[in-house]
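Undergrad: One structure, pasted below without further comment.
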Amino acid sequence: MRERGAHYLAVVKGNHPALHERVRGLPWRDMRLDHYERGRAHHRDEIRRLRTVAFAHLDHPHACQALQVVRWRRDPGSGKLSIERIHLVTSLPPGAASGSELAAWIRGHWKIENQLHHVRDRTFGEDASKIRTRHLPRIMAGLRNLAIGVHRQDGRTNIAAALRHTSRDPQRPLTALGLT
């Protein structure tokens, strides 16, 4: 990807423990605020803050910057406040994108996460799957993606309801795939 001139923006999670600890342990409070956004989404009041820091030696290929997004969400009905900190790395050099551009790309990532991965995890129970050998996990992920894609192309937004509807008649899956 980098050889072709493309850049990446990757979420740093616990599956990379050394990188996660290193990025999480940066003095984020001392870093300048690059983007601030206040709004309302999903019936909640939200505040998002983005901070970036250039980094010479991150333990991740081609990484030039570390980012932190802090999301404050308050449910107006219950008053419950939740604070979430997300850490990311990017191969973009400092100054290549503004804070608002980075924030938009991060939100785009979460849109994909919510539309595909969340459905695979919740509706299909992918995380609880016992399939772990050879190529089977990839094959099953491909079949799940096919089912999600067919139903989305058919205009369905609730994949769980679409699966229940399709499963009630053996002809419906064939019709959805255009095979009848």
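The values are calculated or read from the model by the stated rules, or taken from the named source; none is laboratory data. These numbers come from a predicted model, not from an experiment. Please note: Cβ atoms are built from the backbone with ideal geometry, for glycine as well, and neighbour counts cover all protein chains shown. Surface accessibility is based on the protein's heavy atoms, side chains included, excluding ligands, DNA and RNA. Shrake-Rupley method; radii C 1.70, N 1.55, O 1.52, S 1.80 Å.
Undergrad: Hey, among the residues in the range 153-180 that are touching a residue at least 12 places away in the same chain (Cβ under 8 Å) and in a helix (DSSP H, G or I), which one's least open to solvent (accessible area, probe 1.4 Å)?
TA: ILE159
Undergrad: Could you list, in sequence order, all residues of the range 1-23 that are more than 30 Å from PRO76 (Cα to Cα), open to solvent by 90 Å² or more (accessible area, probe 1.4 Å) and not polar (S, T, N, Q)?
TA: MET1, GLU3, ARG4, HIS16, GLU21, ARG22, listed by residue number.
Undergrad: Moving on. Among the residues in the range 117-138, are any within 18 Å of the chain's Cα centre (by Cα) and touching a residue at least 40 places away in the same chain (Cβ under 8 Å)? Don't jump to the end; show me each part of the working.
TA: Applying the first criterion (within 18 Å of the chain's Cα centre (by Cα)) to the range 117-138 yields 117-127.
Next, from what is left, pick out any that are touching a residue at least 40 places away in the same chain (Cβ under 8 Å): 119, 123.
The answer is yes, given that some residue of the range 117-138 is within 18 Å of the chain's Cα centre (by Cα) and touching a residue at least 40 places away in the same chain (Cβ under 8 Å).
Undergrad: In the range 61-116, which residues are more than 30 Å from LEU146 (Cβ to Cβ), open to solvent by 80 Å² or more (accessible area, probe 1.4 Å), part of a helix (DSSP H, G or I) and touching a residue at least 24 places away in the same chain (Cβ under 8 Å)?
TA: none
Undergrad: Can I ask one more? Those residues that are open to solvent by 70 Å² or more (accessible area, probe 1.4 Å) and part of a helix (DSSP H, G or I), I need them from the range 24-37; list them, please.
TA: ARG24, ARG29, ASP30
Undergrad: Identify all residues within the range 1-59 that are basic (Lys, Arg) and in contact with a strand residue (DSSP E or B) (Cβ under 6 Å, 6 or more places away or on another chain); write none if there are none.
TA: ARG24, ARG38, ARG44, ARG48, ARG49, ARG51
Undergrad: How many residues are in a helix (DSSP H, G or I) and open to solvent by less than 90 Å² (accessible area, probe 1.4 Å) if we restrict to the range 125-138?
TA: Residues that pass the stated criteria total 4.
Undergrad: If you don't mind, another one. When the residues of the range 38-60 are narrowed to those that are touching a residue at least 40 places away in the same chain (Cβ under 8 Å) and buried (at least 16 other Cβ atoms within 10 Å of the Cβ), which ends up nearest to SER100 (Cα to Cα)?
TA: Out of the qualifying residues, it is LEU50.
Undergrad: Same structure again: Could you check, for the range 71-83, whether at least one of its residues is within 30 Å of THR157 (Cα to Cα), among the aromatic types (Phe, Trp, Tyr) and within 21 Å of the chain's Cα centre (by Cα)?
TA: Looking for residues that are within 30 Å of THR157 (Cα to Cα), among the aromatic types (Phe, Trp, Tyr) and within 21 Å of the chain's Cα centre (by Cα), one finds at least one in the range 71-83, hence yes.
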